[in-house]
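A.B. asks: Below is one structure. I have some questions about it.
The values are calculated or read from the model by the stated rules, or taken from the named source; none is laboratory data. Treat the numbers as computed from the prediction; the structure is a model and nothing was measured. For neighbour counting, all protein chains shown are included, and Cβ atoms are generated from backbone atoms with ideal geometry for every residue, glycine included.
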């Protein structure tokens, strides 16, 4: 194999590919990028067995072939080079030579036959969606995905496709986000799919205005963005019945400026208990106070904020970290907070997205 390409193009490709290279693995071949050069196209592929990234780059090819090249060394030397043409040569004994106008660098590749084959994904369930729409959904849901591997169904985002729209849901048992896109419907695929967080956070980095093509199979999902193909295992678990935990009887309504309440929570939570992060709302028709107290460190804080409230007086506690997450992911200038009792779930929406985005947060019991 022998081809040359520009430093910038190779560097950008390797940067993307590094996201699917495991830092530690019992399979040494996974630390490599598989380069396949032919007269038709030249592709680079990396995988951690969960996520597979396959990219096409522009090259001047002299000899067809393929090689498994250690990705970190190739990436590191490419980063350090000035803008130049890079020639990569591989022989049948897996010796790799990287040549530029000013130097040459040799390293040993690995057996390309050991590199995992590309997962096969059925082409029948294909969905085209705007990159911007998909990125907005990802950015609004990922914070609520669970980190608990013992609850695998919660470690991804549920996408429910049907002819009336698209619903996306994420929850970790404390927080829940539900987004409805009723202006987006598909006829090619109807059903639920739980998509891992790693795949979605990778996509979010590279999505633009361009449409993205999704192909949904039994065990994998493929995203095609221009010349890039990203394949991920899906989570083969039933997502919990989220509708049953979203309350319909939260009749106490608090409307408050988003920046004001978020700023107050950030300042007050500095003085909260470092393990519980407990912050409380004391709400009445006359006042809205955000406060905390930590007996362990003898610290306390409170701020009063202007808001509009309809309902009986209420004192309710939350985990301050979760509360900041929820409110910071609401768009618009105003937050609408719908409450019921000190132990029932609270709903948060923005005035501009009342129907399309709902956030739920479970309260915590306050210390007496």
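A.B. asks: Here's a check for you: in the stretch 259-279, which residue that is in contact with a helix residue (DSSP H, G or I) (Cβ under 9 Å, 6 or more places away or on another chain) and buried (at least 19 other Cβ atoms within 10 Å of the Cβ) is farthest from residue 335 (Cα to Cα)?
C.D. replies: The qualifying residue farthest from residue 335 (Cα to Cα) is 272.
A.B. asks: From the list 343, 337, 315, pick out the single residue that is in the same structural domain as residue 293 (by TED's automatic domain parsing), surrounded by fewer than 15 Cβ atoms within 10 Å (Cβ to Cβ) and assigned to a strand (DSSP E or B).
C.D. replies: Unique residue meeting the criteria: 315.
A.B. asks: Out of 113, 97, report the one residue that is without any contact (Cβ under 8 Å) to a residue 40 or more places away in the chain, out of contact with any strand residue (DSSP E or B) (no Cβ under 7 Å at 6 or more places or on another chain) and loosely packed, with under 15 Cβ neighbours inside 10 Å.
C.D. replies: Only one candidate qualifies: 113.
A.B. asks: What strands (runs of 3 or more DSSP E) completely inside the stretch 42-118 contain at least 2 residues that are in contact with a helix residue (DSSP H, G or I) (Cβ under 8 Å, 6 or more places away or on another chain) and within 30 Å of residue 200 (Cα to Cα)?
C.D. replies: 42-47, 51-57, 65-70
A.B. asks: Here is a further query. Would you be able to tell me the number of residues in the stretch 133-172 that are assigned to a strand (DSSP E or B) and touching a residue at least 60 places away in the same chain (Cβ under 8 Å)?
C.D. replies: Number satisfying all stated conditions: 4.
A.B. asks: Something else now. Report yes if residue 156 is on the phi > 0 side of the Ramachandran plot and either touching a strand residue (DSSP E or B) at 6+ places or on another chain (Cβ under 9 Å) or surrounded by fewer than 16 Cβ atoms within 10 Å (Cβ to Cβ) (or both), otherwise no.
C.D. replies: In short, no.
A.B. asks: Hey, can you tell me all the residues within the stretch 169-193 that are surrounded by fewer than 23 Cβ atoms within 10 Å (Cβ to Cβ) and either within 13 Å of the chain's Cα centre (by Cα) or more than 19 Å from residue 359 (Cα to Cα) (or both)?
C.D. replies: 183, 184, 185, 186, 187, 188, 189, 190, 191, 192, 193
The rows are residues; the columns are (1) closer than 22 Å to residue 321 by Cβ; (2) modelled with pLDDT of 95 or more; (3) not assigned by TED's automatic domain parsing to the domain that holds residue 306; (4) not in a helix (DSSP H, G or I).
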site	(1), (2), (3), (4)
239	no, yes, yes, yes
250	no, yes, no, yes
255	no, yes, no, yes
262	yes, yes, no, no
267	yes, yes, no, no
271	yes, yes, no, yes
275	yes, no, no, yes
279	yes, yes, no, yes
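A.B. asks: Residue by residue through the stretch 348-363, note down the ones that are modelled with pLDDT of 95 or more and surrounded by fewer than 19 Cβ atoms within 10 Å (Cβ to Cβ).
C.D. replies: Of everything in the stretch 348-363, just one residue is modelled with pLDDT of 95 or more and surrounded by fewer than 19 Cβ atoms within 10 Å (Cβ to Cβ), namely 362.
A.B. asks: Sticking with this one: In contact (Cβ under 8 Å) with a residue 40 or more places away in the chain and either part of a strand (DSSP E or B) or surrounded by fewer than 14 Cβ atoms within 10 Å (Cβ to Cβ) (or both): which single residue out of 203, 213 fits that description?
C.D. replies: The unique qualifying residue is 213.
A.B. asks: May I pose another question? Looking for whichever is free of Cβ contacts under 8 Å to residues at least 40 places away in the same chain and in contact with a strand residue (DSSP E or B) (Cβ under 7 Å, 6 or more places away or on another chain) here; the options are 340, 285. Which one fits?
C.D. replies: When all the criteria are applied, what remains is 285.
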